[in-house]
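Asker: Below is the structure I would like to discuss, written out as structure tokens.
Any read-out appearing in this document is the output of simple, stated calculations on the displayed coordinates, not a laboratory observation. Quick caveat, the model's predicted, so the values are computed rather than measured. Ideal geometry is used to build each Cβ from the backbone, glycine not excepted, and the neighbour counts take in all protein chains shown.
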Amino acid sequence: ASGDGGAALAAGPGRAQVFTTVVDTFLEKLVAAGSYQRFVSCYRCFYKLQPQLTKSIYDQFISQLQASIKEEIQEVKNEGNLEGLFSSLDKIVEEAKDQEEPAWRPSGIPEEDIRSTMVPYLLKHRSHLRRALREKEEENRKVAESVLMGRDRIAELQQLIQARQQAWQ
Amino acid sequence: MSVDPMAYETQFFGFTPQTCLLRIYIAFQDYLFETMLVVEAVMLKKLDGIPDCKISPSQIRKCTEKFLLFMKEHFDKLFAKMEEVLLQLVLNIPKNVLLPEDRVQQQYPCSKEEFQALQDEVQQLQQQYRAEVALEQALRVELEEQKIVKAELEKTLQCFDGLDNICREHGLGNFKECFAFLTQSAKKLQNVLKEVEEKSKKLKQHDQLT
């Protein structure tokens, strides 16, 4: 029985469900193999002596084994946050269901793999620089114009002064 | 036989699936042995309390070993099947699946050459920008210098204009011509004075001699 009533996104049972089912099946079959008959046939001498106790010991053995196994599974699930990871993975797999091509996998060479990670930053940087450069060039064009005009004005003033000087000779 | 390292799965889960299953296997096995030992201990204790018991501890040990051997065989078989299913269906990432954290790999595939070109372009833009900043500096410095020079020149021009205005106010229309004439006259007078001085000197000398 699934403990989570949330939406089952996957077409089939989710990974958490499969995990639980598989472990339960394992336990079931193990217990079935270690049946009471088998137990008795191995401990025949004791059984002859203490049939009722044998049954009681067997029952305890089975229940203890089951409890330990279930506890271990729960611990593994908790430590690794498996429930969360399973449901995430189910979602990711579901979203990729239309992808037919094999997906990218790490090449094992960090320099190769890191390129794509850095590309978006480089692209952003490049567009930022392009804009800043354009603005700066525009600004400078205007300032250069002022400078040229200033030079003309200074030449003009110098000419006027020269003319006055000559008039006073 | 090559073992699939399941590196991508490890990236996602934070542990290697095989290691996880190995841990579980060992734990289960331990529990099986432990529980069997408890069974044995309980039986031995019971037998201890029975006087004239025909069953020896070593007999019980043989029973335990028999049962355990049987259990272990089934245990291994069942576990192997469980492991197979878990590795294929639960602890695996299908080949067509890309983890969200790796999405950039799909969005921005980039060869070594393309990446280098991009880096070079960025570097070039940075250099160009720095050049423009330097140019801006130089232009602004000149602009400041021009301001000072212009101010000086304009002041000089104002002086000249000022003089012209004074002349006009005082009705000296052609002050400049008068001034020029005066300057010339002053020079002529100076020359005449010099001639007179020399002539008088000569006369005095002549007088002294006679």
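Asker: Roughly what percent of Cα-Cα pairs across segment B:23-83 reach past 18 Å?
Answerer: Result for the distance tail: 44 percent.
Asker: In whole Å, how far is the Cα centre of segment A:9-44 from that of segment B:35-85?
Answerer: First find each Cα centre; the distance between them is then 20 Å.
Asker: Here's something else I'd like to know. Say R0 is 30 Å: what FRET efficiency, to the nearest 0.05, do B:Lys188 and A:Arg164 get from their beta-carbon distance? Walk me through the numbers on the way to the answer.
Answerer: Working: r = 26 Å, r/R0 = 0.87.
Rounded to the nearest 0.05, the efficiency is 0.70.
Asker: Residue by residue through segment A:129-142, which ³J(HN,Hα) values in whole Hz follow from phi under the Karplus form 6.51 cos²θ - 1.76 cosθ + 1.60 (θ = phi - 60°), with glycine and proline marked x?
Answerer: The phi angles translate into 5, 4, 5, 4, 5, 4, 4, 5, 4, 4, 4, 5, 4, 5 Hz.
Asker: Near B:Lys202, which lysines are there with a Cα under 20 Å away, not counting those fewer than 8 places off in the same chain?
Answerer: Within the straight-line limit of under 20 Å, B:Lys202 reaches these lysines: B:Lys194.
Asker: Next question, about the same structure. Taking θ as phi - 60°, what are the ³J(HN,Hα) couplings along segment B:12-27 by the Karplus curve (6.51, -1.76, 1.60), each to the nearest whole Hz, with x for Gly and Pro?
Answerer: 7, 7, x, 8, 7, x, 4, 5, 4, 5, 4, 4, 5, 4, 4, 4
Asker: Apply the Karplus curve 6.51 cos²θ - 1.76 cosθ + 1.60, θ = phi - 60°, to the phi angles in segment A:112-119 and return the couplings in whole Hz, x for Gly and Pro.
Answerer: 5, 5, 7, 3, 4, 5, 8, 4
Asker: A further question on this structure: How large is log10 I(q)/I(0) at q = 0.11, 0.13, 0.16, 0.19 Å⁻¹ when the Debye formula is applied to the Cα atoms of chain A, each weighted equally and without solvent?
Answerer: With no solvent term, the Cα-only Debye profile gives -0.85, -0.96, -1.10, -1.22.
Asker: Counting other C-beta atoms within 10 Å, and keeping those with at most 14, which DSSP coil trypsin sites (Lys or Arg not before Pro) do you find in segment A:54-161?
Answerer: Hits after loop and neighbour filter: A:Lys97.
Asker: Please get the size of the charge dipole for the protein assembly as shown, origin at its Cα centre, with Cβ charges of +1 on Lys and Arg and -1 on Asp and Glu, quoted in debye to the nearest 20.
Answerer: Magnitude of the dipole: close to 740 debye.
Asker: Could I ask something else about it? Checking the table A:Lys77/B:Lys62; A:Lys55/B:Lys77; A:Lys91/B:Lys112; B:Lys46/B:Lys81 against a 30 Å threshold on Cα-Cα, which pairs fail?
Answerer: On the way: A:Lys77/B:Lys62 37 Å; A:Lys55/B:Lys77 26 Å; A:Lys91/B:Lys112 33 Å; B:Lys46/B:Lys81 38 Å.
The pairs that break the limit, which is 30 Å between Cα atoms, are A:Lys77/B:Lys62; A:Lys91/B:Lys112; B:Lys46/B:Lys81.
Asker: Further question on the same structure: Hey, which lysines would be in cross-link range of A:Lys142, C-alpha to C-alpha under 18 Å, not counting anything within fewer than 8 residues on its own chain?
Answerer: Candidates past the 8-residue exclusion: B:Lys147.
Asker: Okay, moving on. Relative to the compact-globule scaling 2.2 N^0.38 Å, provide the ratio for the alpha-carbon radius of gyration of chain B.
Answerer: Compactness ratio reported: 3.50.
Asker: Next question, about the same structure. To the nearest 0.05, what FRET efficiency results for A:Ala96 and A:Thr25 with a Förster distance of 25 Å applied to their C-beta separation?
Answerer: For R0 = 25 Å, the calculated efficiency reads 0.30.
Asker: Hey, could you get me the Stokes-Einstein D for segment A:15-97, Kirkwood radius over alpha-carbon pairs, 10 °C and 1.306 mPa s, rounded to whole µm² s⁻¹?
Answerer: Answer from the Stokes-Einstein relation: 104 µm²/s.
Asker: Right, next: Relative contact order for chain A using alpha-carbon pairs under 8 Å, separation at least 6, rounded to a whole percent?
Answerer: With pairs under 8 Å counted, the relative contact order is 26 percent.
Asker: Here's another thing I want to ask about it. With label points built 7 Å along Cα→Cβ from the Cα atoms of A:Arg126 and B:Lys77, find their separation and express it in nm.
Answerer: With each label placed 7 Å out from Cα toward Cβ, I get 6.3 nm.
Asker: Test of understanding: in a Gaussian network model of chain B with alpha carbons linked when under 10 Å, which of B:Glu145, B:Glu113, B:Glu198 would top the mean-square fluctuation ranking?
Answerer: Between B:Glu145, B:Glu113, B:Glu198, it is B:Glu198 that shows the largest mean-square fluctuation.
Asker: Could you tell me whether segment B:56-139 comes out rounded, prolate or oblate from its Cα gyration tensor? Rule is a ≥ b ≥ c as square roots of the eigenvalues, rounded for a/c under 1.5, then prolate if a/b exceeds b/c, otherwise oblate.
Answerer: Prolate, since a/c reaches 1.5 and a/b exceeds b/c.
Asker: 5 Å is the cut-off here: which amide hydrogens, built 1.01 Å from N in the peptide plane, fall below it relative to B:Val97, excluding neighbours closer than 5 in sequence?
Answerer: The answer is A:Ala103.
Asker: In whole Å and largest first, what semi-axes does the C-alpha gyration tensor of the protein assembly as shown yield when each eigenvalue is scaled by 5 and square-rooted? Spell out each step's value before the answer.
Answerer: Working: eigenvalues 2661, 108, 60 Å².
Equivalent ellipsoid semi-axes, largest first: 115, 23, 17 Å.
Asker: Over all distinct Cα pairs, what is the inverse of the mean 1/r for segment A:18-57, reported as the Kirkwood hydrodynamic radius in Å?
Answerer: 11.4 Å
Asker: Between the helical axis of B:175-209 and the dominant principal axis of chain B, each derived from Cα atoms, what acute angle in degrees is found, rounded to the nearest 10?
Answerer: That helix lies at roughly 50 degrees to the long axis.
Asker: How many percent of the alpha carbon pairs in segment A:65-111 exceed a separation of 15 Å?
Answerer: The calculated P(r) of segment A:65-111 puts 66 percent of pairs beyond 15 Å.
Asker: Here's a follow-up. So for the protein assembly as shown, taking the charge dipole from beta-carbon charges (+1 Lys/Arg, -1 Asp/Glu), which of B:Leu78, A:Ile73, A:Phe39 sits furthest toward the positive end?
Answerer: Checking the options against the dipole of the protein assembly as shown, the answer is A:Ile73.
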